[in-house]
Structures are given as C-alpha cells and as structure tokens.
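For reference, the structure discussed in these notes is given below.
The numbers here are math on the coordinates, done by the rules we state, and not lab data. None of the values given here were measured: they were computed from a predicted structure. Glycine also receives a Cβ, built like all others from the backbone with ideal geometry; neighbour counts cover every protein chain displayed.
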C-alpha cells in the first residue's frame, strides 16, 4: 500500500479524509459479513430497519473525527454516539473506566463539547471544562488544590486561595486518575456529591456551595481498591451515576485499528513533511495487528517511529522496517507477541534476538531465485548490489562461520548451486559467504 500526504486532507462532500469512508463498516456491511447477504436482509426486515436507517452512521464518524476520535466500525461509532446523546442533558456525576492509552480524555472532551453544559454562561463567559490529573498532585496538597485554603491554615499558606471546585462553579470538573486521591480527600469529595457544599482548608465553619458536575476517570479496578480499603465504596456509587467502560485496543474492531494506524502515519507524515510512505500489505497488517499493551498511545508512537525510520532510510528495505518496528515495542507488547501462536510474527520477532534466520532467509532466497534466471549484466549488477547490502546489514544476525553445506540446506539449495552463486558474487569486494 502507498500513503500520500494528500490522503490526510478532507475531501469535498465528505469533510473528512477519504480513508475513513473506505474503512467504514456499516451495520449492513457487518450483517452481510457475518450472516451472508440473504440472511442479512432478513435480519434487517425482522428489525424493521430500512437502508437509510442502517447506513446513516457515517455522519457520526465525521463528528467523532472532528473531536479527534477515530472510529469507523458501526458498533464503535454507535457506542460513542449513544454516550454523547445520554450525556447531553445529564447533570449528575460520570465515571469513565479504561486502560491507560484508550482515549479517556478525548472522550471527555467530545462529551462536553456535545453537551448543553458547554453552552451555559458563567459570569457572562462560556462554561469551561476544568481538568486536573489527581496523580500529579502531592497527597498533602490535594485538599488545598481542590477545595482551597484560608490564610494561615498551614505553613506556607500566606494568602487565601480559591480551590479548583470554586473556580469551576457552574461548570464541569474532570478528575483524571481519581483513584490516586487519599481517603481524607475522597471523604470531602463525597460530601460535595452528597450535599453540594464544602469548606476550604482551615475554614471548616464556613460552607460554600458547589454547583458543578464531576467527571472522574481511572485505569484501575476501583472495586478491588474498595475491597483493599483504598477507595470509598460510597464515593464509587455516587460517581457511578453514569458509568462508561472504554474498550482496550485488543477489543476494538479491525476496521478501527486500520483507520487508527492510517491516521497516525499520515499525522506524522505531515509533521515531517514526508510526501509518501510505501509498505507491503503484510507490514501494514503487522502494525495494526500488534497487541499493543499501551493501547492507542503505544500504537501512535510506533507509527511515529515508523515514519521517521522510513523517511531517513536510504533505500527501501522491508525486513529492516519489520525489525525496527519490533525492536522498539514495549516489553508488554513483545511478551504478548511471543505468546501468540502466529509463527510468522514469532519468527520475525526472533530476528531481534538472533534466534531465527527465517525472515532473513526469505529475503536472501528471493535474490537467489533472481540470480538463477538469465539476466543482462546491468540487472545482475543491481541484484548483486542489493544482495550484498542486505547480506552485510544482517550478517551479524547469522551464525558466524556457518558451513557451506548447512547454509545450502537453509536456502533449500544443494552445495553445487551455492558454489555457483559464490563465483557470481566473488567480484563484489567485502562480501563473504560461508
């Protein structure tokens, strides 16, 4: 496949890049893929759906794209759309659970932008979404940061300070990684949700009203924390007025993964002003199928590295790109790859550790097959030159000093053919074949 920089531009009529339409899987497409055309029509008739109702989901793909969310499979798109519809007039707390790198903050931004709350006015200005990462607040300062403090409340409190909840009064507060808050702060937050009031640190006698909506997110199992007395059960139930579970990347549909990889590749191509990136379908599949333990975030950085390696590579080499792609995967992803029964992926992964020569052998074998054919001198020189380049680049992977007979067996050739090949290559300085 070949990606061009122009592929990232929105097309006329769609308002989004064309690849989103190409990867889009409608409800009708999914039914046909799983049940066949005839049965799919019966299911649609049974559900009382006409063609327009079945295939109008692409409008939602466009809306999600504008919020930075890439989703093209009908079920994924529907899940995001339902969440935004429910949230539109919702005034209670929301709890979002998802592994690290699944896009929790992107979802919060999208939900808020589509809600009526974003259109509210606070002191004649638009309502804002106030964000804070609870894991970034030192535990002894968390109460002051959220609820504010009175002058002299503690050492260093030289002035009265307004807390985040007071600044956000009338708006929405997003508490990311809420599980990192200490129990004392959790108790005070529980009171806000239960009674709608709070007090600053050192000013316990004065109650302040909190007209806010709280959205909380976590990547931890809160129920497990409750059982270990690290999170308040009452706070969990208060926050779970609307509970959204984000799927990890492994649970996303193939169409979504392909669209995500394409999006990230094109995004980095824009950053580097790289006009085009070309790769085989096999390599593209390897990138989007990798079991990223860091989810979408790790996928994004893998795509960034890939474009960098591609742009600064002197000549195209598929095996080199495969090796470099696997080399920089996280330990968790490598471990997941090793546990897979896919021999092709395992063999390619093993190149990094010098365990297997399968992928390299296939590359070299392709050159050998070309050299068997009657070629003109110019073509022969080109093939031999590329053979030499690949051989020298990956020679360190091979077992040094391998015997001719063993190498012949690996290449599926007899010793006589290897000897003939060696004579052909003898004119190239620096090339050694054992």
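Quick notes
- Here the condition is being within 30 Å of residue 178 (Cβ to Cβ), exposed (fewer than 15 other Cβ atoms within 10 Å of the Cβ) and touching a strand residue (DSSP E or B) at 6+ places or on another chain (Cβ under 9 Å); of 211, 234, 254, 221, it holds for 221 alone.
- Single unsatisfied condition, residue 237 versus (1) assigned to a loop (DSSP other than H, G, I, E, B); (2) without any contact (Cβ under 8 Å) to a residue 40 or more places away in the chain; (3) under 13 Å from residue 95 (Cβ atoms): (1)
- Any chance residue 290 is surrounded by 20 or more Cβ atoms within 10 Å (Cβ to Cβ) and more than 25 Å from residue 331 (Cα to Cα): no
- In the set 260, 222, 249, only one residue is under 24 Å from residue 84 (Cβ atoms), in contact (Cβ under 8 Å) with a residue 60 or more places away in the chain and more than 22 Å from the chain's Cα centre (by Cα); that residue is 222.
- Wholly enclosed helices (runs of 4 or more DSSP H) of the range 283-340 bearing at least 3 residues within 22 Å of residue 267 (Cβ to Cβ): 295-311, 318-327
- Residues in the range 101-114 that are in contact with a helix residue (DSSP H, G or I) (Cβ under 7 Å, 6 or more places away or on another chain) and either over 21 Å from residue 66 (Cα atoms) or buried (at least 19 other Cβ atoms within 10 Å of the Cβ) (or both): 6 in all.
- Given (1) touching a strand residue (DSSP E or B) at 6+ places or on another chain (Cβ under 6 Å); (2) surrounded by 18 or more Cβ atoms within 10 Å (Cβ to Cβ), number of the condition residue 163 does not satisfy: (1)
- Options 137, 178: the member that is farther than 19 Å from residue 226 by Cα, buried (at least 16 other Cβ atoms within 10 Å of the Cβ) and either free of Cβ contacts under 8 Å to residues at least 12 places away in the same chain or in contact with a helix residue (DSSP H, G or I) (Cβ under 9 Å, 6 or more places away or on another chain) (or both): 137
- Checklist (1) surrounded by fewer than 21 Cβ atoms within 10 Å (Cβ to Cβ); (2) in a helix (DSSP H, G or I); (3) within 12 Å of the chain's Cα centre (by Cα) applied to residue 271, failing item: (3)
- Among the conditions (1) in a helix (DSSP H, G or I); (2) closer than 27 Å to residue 130 by Cβ; (3) in contact with a helix residue (DSSP H, G or I) (Cβ under 8 Å, 6 or more places away or on another chain), residue 220 misses just one, which is (1).
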